[in-house]
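The values are calculated or read from the model by the stated rules, or taken from the named source; none is laboratory data. Just so we're clear, the structure is a prediction, and the values are computed from it rather than from any experiment. Please note: Cβ atoms are built from the backbone with ideal geometry, for glycine as well, and neighbour counts cover all protein chains shown.
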Amino acid sequence: MSEIMKTDLAERIERLIAEARKRTVAAVNTAMVYTYYEIGRMIVEDEQQGEQRAEYGATMLKNVANRLTKKFGKGFSLTNLKQMRSFFLIYSQSIMEKGQTVSDQFENSETLSRKSSSPLTKSQKQQTLSAELHFTLSWSHYLKLMRIENPDERRFYEIEAAENNWSLRELQRQFDSSLYERLALSRDKAGVKALAQKGQIVEKPEDMIKDPYVLEFIGLPELPQYNESELEQRLIDHLQTFLLELGKGFTFVGRQVRFTFDEQHFRVDLVFYNRLLRAFVLIDLKRGTLKHQDLGQMQMYVNYYDRFVKTEDENPTIGILLCTDKSDAMVEITLPEDNNQIFASKYQTYLPSKEELQRLIEENLK
């Protein structure tokens, strides 16, 4: 018994140390990001003090980079300092969008200093300028985000990466799969703007639906001779990535989940549960063009789960048919007018063209 208690104590201490180390690393990363923002601000501020010639700026920054590298080692090269400068300019937009320029920011901090009973310190000025900025990601994340030109799109990915604890690799994958554009396609102008302000808010089934779903991670070419079973197996083999593609709040329940009534057996390809919607989500995979019989079958699956599986405090079951081709008109005429439970979406095994999706968004918002 004593040995068991000793082992339990050791495990708890190990977890405590591991968690403390994680918090320490996170705190260090956050401090680095704020420091890089401040360095960028100082560079821009120096550039605005009269010397506007390009030769001066390039020489000055190169000299600073050489000095910092000698003293602090790697991380302060000319390229890195330029990135810090860009970081400040991009992430000070929240202030500039209110009608101020970068110069205004510095002037306003000086005005606050004069009105104050005592001059503002450099630290206080920086706190004034970045009061609305909350850097919660790593520097590597921000280097990726800075390359996104659309401010709304950039803000969306920043929110989602922070809320969902995306690694840099996951952030890159979601961007490459055009998550922002695919979600924007099903929204009006207000909805698209809300994506940038709040990220993806899942309050009703429509909020989680994408069209298309991008399954490039399964490694199947665009036009292969594969069947639904092979597709299902590939999705299970890459379940973590598939959950990421499905979106927020999904947990896996099972594959080929069987239920029986009237002495007949039926199987749902994939069953998930969405914690945010508090509802079962049934997914059926269809190769080729979606048929009205497929929709009828999913309606039966959903009805069964609503009547015999879900509890009274859970919300109605959601059904998603993933297919390679579908007729929107056929889907609309087959399903009830007030349908908010069954959805048909295309899937593709290659990354979509962002240009094409952006064109579709523009057409959708006209």
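Restricting attention to segment 303-315, does a residue exist that is surrounded by fewer than 20 Cβ atoms within 10 Å (Cβ to Cβ), touching a Phe, Trp or Tyr at 6+ places or on another chain (Cβ under 8 Å) and among the charged types (D, E, K, R)?
Yes, because at least one residue in segment 303-315 is surrounded by fewer than 20 Cβ atoms within 10 Å (Cβ to Cβ), touching a Phe, Trp or Tyr at 6+ places or on another chain (Cβ under 8 Å) and among the charged types (D, E, K, R).
Only one of these conditions is not met by LEU215: (1) touching a helix residue (DSSP H, G or I) at 6+ places or on another chain (Cβ under 6 Å); (2) assigned by TED's automatic domain parsing to the domain that holds VAL302; (3) buried (at least 21 other Cβ atoms within 10 Å of the Cβ). Which number is it?
For LEU215, the failing item is (1).
Looking only at segment 259-280, which residues are surrounded by 20 or more Cβ atoms within 10 Å (Cβ to Cβ), among the aliphatic types (A, V, I, L, M) and either in contact (Cβ under 8 Å) with a residue 60 or more places away in the chain or assigned to a helix (DSSP H, G or I) (or both)?
Correct list: LEU277, ALA279.
What residue, of LEU183, LEU235, is outside the structural domain of THR349 (by TED's automatic domain parsing) and surrounded by 15 or more Cβ atoms within 10 Å (Cβ to Cβ)? Working first, answer last.
Numbers: LEU235 fails: outside the structural domain of THR349 (by TED's automatic domain parsing).
The conditions single out LEU183.
Scan segment 313-343 for residues that are modelled with pLDDT of 95 or more and either at positive phi or more than 23 Å from the chain's Cα centre (by Cα) (or both) and report the count.
Number satisfying all stated conditions: 9.
For segment 132-151, what are the residues that are of a type in the set (D, E, K, R), loosely packed, with under 15 Cβ neighbours inside 10 Å and not assigned by TED's automatic domain parsing to the domain that holds ARG23?
ARG147, GLU149
Kindly provide the set of residues from segment 288-314 that are in contact with a strand residue (DSSP E or B) (Cβ under 8 Å, 6 or more places away or on another chain) and in a loop (DSSP other than H, G, I, E, B), ordered by number.
Within segment 288-314, LEU290, LYS310, GLU314 meet the criteria.
Enumerate the pairs (first residue in segment 1-29 and closer than 29 Å to LEU137 by Cα; second residue anywhere and outside any helix (DSSP H, G or I) and at pLDDT 80 or above) with beta-carbon separation below 7 Å, excluding pairs fewer than 6 apart on the same chain, so at least 6 apart or on different chains.
If the second residue must be outside any helix (DSSP H, G or I) and at pLDDT 80 or above, the pairs left are ASN29/SER138.
Inspect segment 62-78 for any residue being over 23 Å from ILE148 (Cβ atoms) and at pLDDT below 85 and give the result as yes or no.
Within segment 62-78 (the criterion being over 23 Å from ILE148 (Cβ atoms) and at pLDDT below 85), the answer is yes, since at least one residue qualifies.
Please specify each residue of segment 157-192 satisfying the condition of being out of contact with any helix residue (DSSP H, G or I) (no Cβ under 7 Å at 6 or more places or on another chain), basic (Lys, Arg) and more than 28 Å from LEU321 (Cβ to Cβ).
Correct list: ARG169 only.
For segment 315-366, which positions are under 22 Å from VAL271 (Cβ atoms), assigned to a strand (DSSP E or B) and without any contact (Cβ under 8 Å) to a residue 40 or more places away in the chain?
Passing the criteria: GLY319, LEU321, CYS323, THR324.
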